[in-house]
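Written out below as structure tokens is the structure these notes cover.
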Amino acid sequence: MEKLIITIAPTGSVPKKKHNKYIPITPSEIAECALRCEDAGASVLHIHVRDENENPSDDPALFQEVVDKLKGRSNLIIQISTGGRANATLESRKARLAVPCEMASLTTGSVNFPNSVYANPPDLVSALAAEMKERGIKPEMEIFDVSMINAAIDLRDRGLADDPLHFDFVMGLKGAQPATIEHLVYLRSLIPHESTWTVAGIGAAQLVMGTHAILMGGHVRVGLEDNLYLRKGVLASNEMLVERIARISRELGRDIATPDEARTILHLSP
Ligand code: ZN
């Protein structure tokens with residue numbers, strides 16, 4: 001089977017140090033954590049940044065600082081989040097794409113988060129996709145619900161994204177799609193045949209859905225953005241989560257992709 005791409009999502013928008021002391025917050029912490037995760041087997045780094053109060057930030061300079069701190073020290077594929085918390089606008093979400101990166105996340109529809117609406121209206125999604133296409137950045141289609149797959153395919157049909165598409169199935173978030181193997185099999189049946197896909201299980205689903213993805217030929221995202229625990233009551237660090245999923249994958253007979261091997265699998269332009 002194809003080698004496994006492990007994406008590390010170390011920070012996200014929600015958890016703070018008081019929830020898990022291992023959460024990297026500053027650009028230095030994020031970069032150092034990313035290097036440890038790369039050593040443990042990660043090949044893609046999904047980046048969010050925070051301000052001095054640990055709140056999600058929109059500041060492109062902070063994204064740039066993370067990238068700068070990794071320059072010459074890391075071969076990780078940089079994936080900038082275009083997620084919209086922190087009262088982000090289209091302009092602020094688009095501005096991040098000026099930071100040098102090979103990939104960016106693109107949520108193709110709206111969904112309820114546990115305590116808010118994650119609003120991604122059609123014109124905003126199209127504008128972000130167009131900006132990525134113009135800059136040669138590959139979108140990772142963030143799929144919180146089945147309908148978002150149709151919206152991603154529609155972007156492709158309108159020339160705003162190119163085959164092969166790459167999907168991330170976010171599963172187990174309260175208010176969105178469930179984290180079950182039946183639903184994962186269904187999601188996979190809906191994407192274009194040549195697409196690549198990964199799974200981001202939320203909370204305890206990270207381990208379970210990640211293992212299903214390994215067995216089904218998909219890829220896996222882990223990290224404290226989606227899950228704070230190694231097991232019930234035991235806090236995880238990002239590198240622990242990467243090490244564990246890499247170990248499980250090898251035990252199941254799938255080797256781990258290097259960043260360059262991941263570039264080939266994802267059809268990233270060299
Ligand atoms: Zn994210």
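The values are calculated or read from the model by the stated rules, or taken from the named source; none is laboratory data. What you see is a predicted model; the values in this text were computed from it and never measured. No Cβ is skipped: glycine too gets one built from the backbone with ideal geometry, and neighbour counts run over all protein chains shown. Just so you know, the surface numbers come from the protein's heavy atoms only, side chains and all, with ligands and any DNA or RNA stripped out. Shrake-Rupley method; radii C 1.70, N 1.55, O 1.52, S 1.80 Å.
Relative intensity of segment 171-270 on a log10 scale, I(q)/I(0) at q = 0.14, 0.25 Å⁻¹, equals -0.56, -1.41, per a Debye sum over C-alpha point scatterers of equal strength in the absence of solvent. Straight-line cross-link reach from LYS18 at under 29 Å between alpha-carbon atoms covers these lysines, not counting any fewer than eight positions away in the same chain: LYS69, LYS174, LYS232.
The alpha-carbon positions of segment 6-265 define a convex hull whose volume is 115 Å³ per residue. With an 8 Å cut-off on Cα pairs and a minimum separation of 6 or more residues, tell me the relative contact order of the chain in percent. Computed value for the chain: 23 percent relative contact order.
For the chain, build the charge dipole from Cβ charges (+1 Lys, Arg; -1 Asp, Glu) around the Cα centre, then report which of GLY72, HIS48, TYR22 sits farthest towards its positive end. Final value for the positive-end residue is TYR22.
For segment 1-150, what does the accessible surface come to per residue with a 1.4 Å probe? Please give it in Å². Each step should come with its number before you reach the end.
Working: 6040 Å² over 150 residues.
Heavy-atom accessible area per residue stands at 40 Å².
Measuring between their Cα centroids, segment 215-239 and segment 82-119 lie 22 Å from each other. Overall, the accessible surface of the chain at a probe of 1.4 angstrom is composed of carbon and sulfur to the extent of 52 percent.
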